[in-house]
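The values are calculated or read from the model by the stated rules, or taken from the named source; none is laboratory data. The shown structure was predicted, so the numbers you read here are calculated from the model rather than taken from an experiment. Using ideal geometry, Cβ is built from the backbone for each residue, glycine included, and neighbour counts are taken over all protein chains shown.
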Amino acid sequence: MKRKIYNELVSWKQERQGKTAVMIDGARRIGKSYIAEEFAKNEYKSYILVDFNHADKRLFEIFDNYLQNLDMFFMQISAYFGVKLYERDSIIIFDEVQLYPRARAAIKYLVADRRYDYLETGSLVSINRNVKDIVIPSEEHRIPMYPMDFEEFLWALGDKTTMPFIKYCFEHKTPLGPVHRKTMDFFRQYMIVGGMPQAVLAFTETRNFEETDIVKRDILALYRADIEKYAVGYESKVKSIFDLIPAELQRHEKRFKLADISETARYRNYESSFFWLSDAKIVNICYAATEPTAGLKMRMDKLALKCYMADTGLLISHTFDEKIIAAEKLYSRLLLDKLEINKGMLVENIVAQMLCASGHKLYFYSSYSKTESSERIEIDFLIQKPDITNMHNISPIEVKSTTKYTTSSLEKFSRKYGEQISHPCVIHTSDLQEKDGVLYLPLYMTPLL
């Protein structure tokens with residue numbers, strides 16, 4: 001499967017020239033090991049894959065006994081794997097490096113040696129847990145890995161023409177016309193399947209949503225096992241948050257209410273649990289911003305947050321009862337946009353997913369007044385321009401899951417913060433249009449913002 005992160009790895013190789021190692025961090029089952037080996041196979045004369053998940057005693061002895069003598073270390077590891085190493089044309093992969101922190105600590109000296117390139121993979125939550133006895137190498141260049149995006153999904157289906165046309169229409173602010181409906185059909189498939197590579201592979205091979213759902217449920221079971229294993233000391237709190245995500249997203253305002261866990265629950269007691277899920281790349285956290293000014297982090301209200309699943313396909317499997325989801329009929333109704341659920345939660349979740357993968361930090365805006373209707377405003381997302389100017393730095397985004405809707409919050413927000421906002425945007429299920437200074441974009445154009 002073609003992944004865009006591959007080009008980032010190529011750029012790292014060309015630009016860094018061995019001056020840093022590269023660390024791919026991401027959720028479990030995101031495809032880190034696969035892309036690391038594909039990159040090594042195609043871009044180097046030889047490579048060694050050290051999988052610490054399946055390392056034996058002899059391999060650990062090589063690291064324990066010879067890291068102080070790199071000449072001997074390279075001879076030993078070359079002989080162990082039966083692979084000849086070539087200076088500046090070989091790469092050594094430390095797969096699941098969190099399982100052996102000493103190898104990660106050695107990156108500093110291996111990079112300084114400059115003979116070979118080094119690539120590490122690992123789940124961020126377990127990486128962070130296993131660093132107490134080592135010095136974290138400053139020679140790591142981190143690249144985050146996300147679920148497959150819509151374009152990568154289309155590639156997996158063998159479609160290489162739709163996304164270039166979408167990009168052309170976005171750049172020229174022109175509707176897709178008759179192609180829009182077909183593209184939305186593909187997008188609904190993507191939303192249902194999600195972007196986990198194993199789920200996408202199952203779908204491309206079978207075109208069967210039930211088979212795909214089995215894969216997604218296996219991934220969710222793995223995440224639960226990770227919570228038990230790694231969220232030491234607060235497993236129950238992490239599980240409580242994880243289990244409540246679908247119910248919280250069903251709310252109209254979608255803010256996470258700790259009172260649904262316990263009447264006495266307080267954010268200070270659960271903050272580390274949200275961080276854990278975020279570090280594990282299982283969720284995307286969206287914080288409230290009190291004002292749409294440059295540097296949204298300075299206006300962040302940590303006590304008001306939304307908790308989205310990092311993959312919308314997983315959210316669907318997480319939401320519905322196992323016996324119900326097994327029916328192909330349910331997925332068919334989702335595909336035809338005829339399921340009687342709050343579709344807004346799925347649509348808003350996938351917009352959050354796409355914004356994160358595009359490099360945006362997630363913020364929303366909310367204000368409420370019992371007496372002044374002009375102060376009752378809900379803006380789903382705020383994104384910042386890449387180039388900061390004196391004014392007009394923040395774009396407010398509203399997400400709509402139906403064709404019939406109002407934009408009263410966006411209008412009130414624009415009147416209140418006119419000098420601070422730039423390019424108000426509505427992301428909806430219809431085709432592109434511009435009207436009264438607002439850009440209306442189809443869902444599949446979100447990554448282009």
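Summary table
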| read-out | value |
| --- | --- |
| Close pairs (9 angstrom Cβ cut-off, 6 or more residues apart or separate chains): part of a loop (DSSP other than H, G, I, E, B) in segment 277-290, surrounded by 22 or more Cβ atoms within 10 Å (Cβ to Cβ) and of a type in the set (S, T, N, Q) anywhere | A280/S123; K281/S123 |
| Scan of segment 117-142 for residues that are surrounded by fewer than 22 Cβ atoms within 10 Å (Cβ to Cβ) and either part of a loop (DSSP other than H, G, I, E, B) or modelled with pLDDT of 95 or more (or both), ordered by number | N130, V131, K132, D133, I134, V135, I136, P137, S138, E139 |
| Output for segment 418-428, where each listed residue is buried (at least 19 other Cβ atoms within 10 Å of the Cβ) and not hydrophobic (A, V, I, L, M, F, W, C) | P424, H428 |
| Test: residue in segment 105-112 that is among the basic types (K, R) and touching a strand residue (DSSP E or B) at 6+ places or on another chain (Cβ under 7 Å) | no |
| Evaluation of L154 against (1) in a helix (DSSP H, G or I); (2) under 14 Å from I282 (Cβ atoms) (one fails), failing number | (2) |
| Subset of segment 105-122 (residues that are out of contact with any Asp or Glu (no Cβ under 9 Å at 6 or more places or on another chain) and among the small types (G, A, S)) | A106 |
| Some residue of segment 48-66 being at pLDDT below 95, assigned to a loop (DSSP other than H, G, I, E, B) and buried (at least 17 other Cβ atoms within 10 Å of the Cβ) | yes |
| Residue list for segment 22-41, filter: over 17 Å from I107 (Cβ atoms) and assigned to a helix (DSSP H, G or I) | S33, Y34, I35, E37, E38, F39, K41 |
| Strands (runs of 3 or more DSSP E) contained in segment 346-449 and holding at least 2 residues of a type outside the set (A, V, I, L, M) | 363-367, 381-384, 394-399, 425-428, 433-435, 438-442 |
| Matching residues, segment 233-271, being loosely packed, with under 15 Cβ neighbours inside 10 Å and either among the polar types (S, T, N, Q) or part of a helix (DSSP H, G or I) (or both) | S236, D243, A247, Q250, A259, D260, S262, T264, Y267, R268, N269, E271 |
